[in-house]
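Novice: This is the structure I have questions about; it appears just below.
Nothing in this text is a laboratory measurement; each read-out follows from the coordinates by a stated rule. Quantities reported herein were computed from a predicted structural model and do not represent experimental measurements. We place every Cβ from the backbone using ideal geometry, glycine too, and count neighbours over all the protein chains shown.
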Amino acid sequence: MTIETTATTAAESSKPVLDTVEVAAATPEKEQPYGALGLKPDEYERIRNILGRRPTSAELAMYSVMWSEHCSYKSSKVYLKQFGKKVTPEMKQHLMVGMGENAGVLDIGEGWAVTFKIESHNHPSYIEPFQGAATGVGGIVRDIISMGARPVAVMDALRFGDISHPDTARVVHGVVSGISFYGNCLGLPNIGGETWFDSVYQANPLVNALAVGVLRHEDLHLANAKGAGNKVVLFGARTGGDGIGGASILASDTFAEGGPTKRPAVQVGDPFAEKVLIECCLELFQGDLVEGIQDLGAAGISCATSELASNGDGGMAIVLDDVLLRDPTLTPEEILMSESQERMMAIVRPEKLEGFLKVVEKWDVETSVLGEVTDSGRLSIMWHGQEIVNVDPRTVAIDGPVYERPVAYPTWIDALQADTAARLERPATPDEIREQFLKLVGSANQADAAWVTNQYDSYVLGNTALGAPDDAGMIRVDEESGLGVSVATDANGRYSYLDPRQGAKLALAEAYRNVAVTGAKPMGVSDCLNFGSPENPEVMWQFSETVEGLSDGCLELGIPVTGGNVSFYNQTGDVPIHPTPVIAVLGVIDDVARRLPSGWQDDGHNIYLLGDTALELDGSAWAGTVHDHLGGRPPAVSLEGEKVLAELLAAAALEGLVDSAHDLSDGGLAIALAEAVSRFGVGARVFLGEVTGDAGIDVATALFSESAGRVIVTVPREDDVKFRGLCEGRGYPVRRIGVTDASSNSLEVQDAFTVSIDELRGVNRAPLADAFGPVVGY
Amino acid sequence: MPTIVVDVMPKAELLDPQGKAVAGALSRTGHAAISSVRIGKRFELTVDGPVDDELRASVQQIADEILSNSVIEDVVNIDFGDAEPAADASTEA
């Protein structure tokens, strides 16, 4: 009898037989395409055990997307636990919301809180660079909204293939215009990030998008569905057939050569719809009209319903027919898996529903009530009057499979580490040094990234205090007091390839230092861990080393990881990318008026180098650019030292003793000097005698070494004594290396070279313009 | 001179923000009868020589690889203009 009714309904939805819970229970023998959905035989068996029957096709769809690597973190979970364990009371002091929610939240004082997160959108950005990158921005911004915050800035850490490869331009043009399109239309400033080129990313670019939001403490919202009888409301864009299974299929497997896809695996974003959604959500929060809220990203409704229910009272009953569709022919499975953009799900008290609907109507946001929260402990989904899903939501969202994947120490790494760059021939004559210096300045990774960043609006909203090309972006949060936050992202895949544990610490140290040089106090970390296939034991070793290094590093620095994501399967063919843990650090500054810029603006100021320089050229930009060499061990890093340096810089900024500070990282002192000079066209005379003499190194090493813990600052003459006193008081190495010279129009390094600023800028700007076309704004 | 017309539409499953915006404008201006709008692209390619098989194949390739982005768009029609001269001829006769 039931079967007959099913058949009638099915005719309407153009499906032969509706696979209801009842049908599934009655037909245990039916074969199901779990393999094509990315589930392994034992995972499928586990679902059958959990349910005590075979899953319906809708349940299978839900489990397959939610148990995918992208959503379940099944290969990384056992490692990520370390972030929760390695925590001190100091680290929790300002942490309002930690890992596991849509984004972490930090208390920054004066009643303000800030939320930030970085997330990958790598695979979609290779297939369809424009929409892939655009929806990456959209997705991370919705994570920020769902915490109750107003998004105030975005950043992007980008890694592309070899700049001279013909396909790189396609990806670069698409990704950059996708980001600028979405971000500029939303009216969010893009305050920085990274641009890297390396052939390891040729068929697998990394597009990691970061967003920052601010909120008052009382506005904090979480993703949970509490209170039986509360309504489950879906609002925003309609659900269509885009990105079906995108998360599980795209992020869980490598790209097969050829083979057309049946459904578009990508999604198309609409930034104007998202802008309306932001304002609508903020008004809903203001009116205290929602109990819990979650954005719809990967795995769409499957994810939102099962996560909200798991984090709340455990039960939810919804009617899938009430989902507003763009395409009425969608099957229930497709509706559950769709990744249509610009959608949110809220939990609303029945008595507040009217008020809720008034607000969404005002913003012209389409809304439908799908059902309600229950205390049954089951997620029940109805379609055409019949139950097609009846599961314990925790089994979908939380208790998915957890793998301890095989880990293998890569035997090739010993030979790699033994092949040190110290054996490479270093330039000895001034002419050679000059030539190699310019080669470095004009290399793709040290080149001026204005071709990229000039396409973004950095100043919209009027609160940007620092943006690209400064070391970190800075946003004013409170317009009265000047309270602000500073954010930087960093990763060096070359270092991580040589030594993933050390590479993670170096990335953390660099992001931390980049925030510190703006005068802000680093407070929290978000990470986006990009790796090859977890099924490759050597990749798992790299991953495990990275997480250990990063979690140890955070513990040592005393700042918590607040959230982030893991992206596996980044590889072309069998070749994994270099391990690339992109680390974002956020810091707080009491008054953005006291920020430190990176470029030089005044004449006759002393230039100081903070920190010691050693012969550390392994993995350096110099070794890569001049000798095409990658080997040895990455530079040493003292996180204790980084802490002292950060405190020193904050004190110097507060007392107004320095008027610029610039971090030294890839390319070492040479590149830092070039950037500081180029920024505002104020030249300098530099002498390295003290640096080379104290460390017993040659001029080339002093210029190109990438020793960590170093910063160059400029100090007005009248503050010289005070500044030196500050450094000595804290026991941090400081050496005077030169003086700014506004009239020279050149960078002169004694015993090495003199390069005019015009030549420097020309060489530095050429690579991106030559590869991708003229730069906007020059 | 023959003109070849290529029509490209966003894939049916994907969101078409432009079409959605126009549909919204139509409904606001009282055109309730129209429920949905999708916006595509029309290319008019003028050729100097004859439209032979080689050219047809090359236009098909141009349409698939350059005029459309196969990830998010479909080439829904290519009109090589054959119908027109044939029709003209019959009317004259």
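Novice: Cβ under 14 Å from A:PRO767's Cβ, A:PRO767 left aside: what net charge do those residues give with Lys, Arg +1 and Asp, Glu -1? Mind dumping the intermediate values first?
Specialist: Numbers: positive: A:LYS439, A:ARG761, A:ARG765; negative: A:ASP162, A:ASP198, A:ASP448, A:ASP770.
Local charge sum for A:PRO767: -1.
Novice: Just to confirm the filter: which chymotrypsin sites (Phe, Trp or Tyr not before Pro) across the range A:420-529 are DSSP coil and have at most 13 other Cβ within 10 angstrom of their Cβ?
Specialist: A:TYR459
Novice: Of all beta bridges DSSP finds with both residues in chain A, what is the antiparallel percent, to the nearest 5?
Specialist: 80
Novice: For A:LEU688, what is the net charge nearby, where nearby means another residue's Cβ is under 15 Å from its Cβ and Lys, Arg count +1, Asp, Glu -1?
Specialist: Result for the neighbourhood of A:LEU688: 0.
Novice: Oh, and also: In which sequence would A:ILE191, A:ILE127 go, from the one with the fewest C-beta neighbours within 10 Å to the one with the most?
Specialist: Fewest-to-most ranking of A:ILE191, A:ILE127: A:ILE127, A:ILE191.
Novice: Which number do you get for Rg(Cα) / (2.2 N^0.38 Å) in the range A:74-141?
Specialist: Against the empirical 2.2 N^0.38 Å value, I get 1.44 for the range A:74-141.
Novice: Now for a different question. Nearest 10 degrees is fine. How inclined is helix A:639-654 to the longest principal axis of chain A, computing both from alpha carbons?
Specialist: Between the helix axis and the principal axis of chain A, the angle is about 80 degrees.
Novice: Quick one: compute the contact order of chain A, relative version, from alpha carbon pairs under 8 angstrom and 6+ residues apart, as a percent.
Specialist: Values: 1944 pairs, mean separation 114.8, N = 778.
The normalised contact order for chain A reaches 15 percent.
Novice: Starting from a Cα-only point model with no solvent, please compute log10 I(q)/I(0) by Debye for the range A:596-778 at q = 0.11, 0.13, 0.16 1/Å.
Specialist: Summing over Cα pairs of the range A:596-778 leads to -0.48, -0.68, -1.02.
Novice: Under the rule of -39500 (n - 2.57) per DSSP H run of 4 or more residues, summed and divided by the residues of chain A, what mean residue ellipticity at 222 nm is obtained, to the nearest 500 deg cm²/dmol?
Specialist: Value at 222 nm, helices only: -11000 deg cm²/dmol.
Novice: Here's a follow-up. Please report, for the Cα atoms of the range A:391-450, the Rg to one decimal and the Dmax as a whole number; what are they, in angstrom?
Specialist: So, for the range A:391-450, Rg and Dmax equal 24.4, 73 Å respectively.
Novice: Are there trypsin sites (Lys or Arg not before Pro) in the range A:135-206 that DSSP puts in a loop and that have at most 14 other Cβ atoms within 10 Å, and which ones?
Specialist: Details: sites: A:ARG142, A:ARG159, A:ARG170; in loops: none.
Hits after loop and neighbour filter: nothing returned.
Novice: Taking the Cβ of each residue in A:PHE272, A:PHE285, A:PHE704 as the centre, tally the other Cβ atoms inside 10 Å and list the residues starting with the fewest.
Specialist: A:PHE272, A:PHE285, A:PHE704
Novice: Write down the Kirkwood hydrodynamic radius of chain A, to one decimal in angstroms, obtained as one divided by the mean of 1/r over all alpha carbon pairs.
Specialist: That comes to 27.0 Å for chain A.
Novice: Here's another thing I want to ask about it. May I ask for the angle, rounded to the nearest 10°, between helix A:353-362 and the longest principal axis of chain A, with both axes built from Cα atoms and the value confined to 0 to 90°?
Specialist: So the helix axis and the longest Cα principal axis differ by about 60 degrees.
Novice: Further, regarding this structure: Can you tell me the mean projection area, over all orientations, of the convex hull of the range A:677-763's alpha carbons? Units nm², please.
Specialist: Working: hull surface 26.2 nm².
Its Cα hull, projected and averaged over all orientations, spans 6.5 nm².
Novice: What does the convex hull of the Cα atoms come to per residue for the range A:419-499, in Å³?
Specialist: On the way: hull volume 12.8 nm³, N = 81.
Convex hull volume per residue, Cα atoms: 158 Å³.
Novice: Need one value for B:5-15: mean number of C-beta atoms belonging to other chains within 10 Å of its residues' C-beta atoms. Numbers along the way, then the final one.
Specialist: Values: counts 0, 0, 0, 0, 0, 2, 6, 6, 16, 13, 16.
Counting Cβ atoms of other protein chains within 10 Å of each residue's Cβ and averaging gives 5.
Novice: Sticking with this structure for a sec: Relative to the longest principal axis of the C-alpha atoms of chain A, give the angle of the C-alpha long axis of helix A:537-557, reported between 0 and 90° and rounded to the nearest 10°.
Specialist: With rounding to tens, the tilt is 70 degrees.
Novice: While we're looking at this one, here's another question. Can you tell me the mean projection area, over all orientations, of the convex hull of the range B:17-85's alpha carbons? Units nm², please.
Specialist: Here the figure is 6.8 nm², rounded to one decimal.
Novice: Now a separate question. Can you compute the equivalent ellipsoid semi-axes for the range A:551-599, i.e. the square root of 5 times each eigenvalue of the Cα gyration tensor, sorted largest first and rounded to whole Å?
Specialist: Ellipsoid half-lengths, sorted descending, are 32, 16, 10 Å.
Novice: Using the Kirkwood formula over every pair of different C-alpha atoms, what hydrodynamic radius in Å results for the range A:68-214?
Specialist: 16.4
Novice: For the range A:596-778, calculate the relative contact order in percent as a whole number, restricting contacts to Cα pairs under 8 Å that are 6 or more residues apart. Mind showing how you got there, number by number?
Specialist: Numbers: 351 pairs, mean separation 67.6, N = 183.
Here the relative contact order equals 37 percent.
Novice: Still on this model: Please report the orientation-averaged projected area of the range A:549-669, defined via the convex hull of its C-alpha atoms, in nm². Mind showing how you got there, number by number?
Specialist: Details: hull surface 43.4 nm².
Averaged projected area of the range A:549-669's Cα convex hull equals 10.9 nm².
Novice: Counting every Cα pair in the range A:372-415, what percent are over 14 Å apart?
Specialist: Cα-Cα pairs of the range A:372-415 separated by over 14 Å account for 68 percent.
Novice: OK, next. Can you put A:VAL23, A:VAL658, A:VAL268 in order, fewest other beta carbons within 10 Å first?
Specialist: A:VAL23, A:VAL268, A:VAL658
Novice: Go from 0 up to the bin containing the longest alpha carbon distance in the range A:533-616, width 5 Å each, and give me the % of pairs per bin.
Specialist: Per 5 Å bin, starting at 0, the Cα pair percentages come out as 3, 9, 14, 13, 14, 15, 12, 9, 7, 4, 1, 0.
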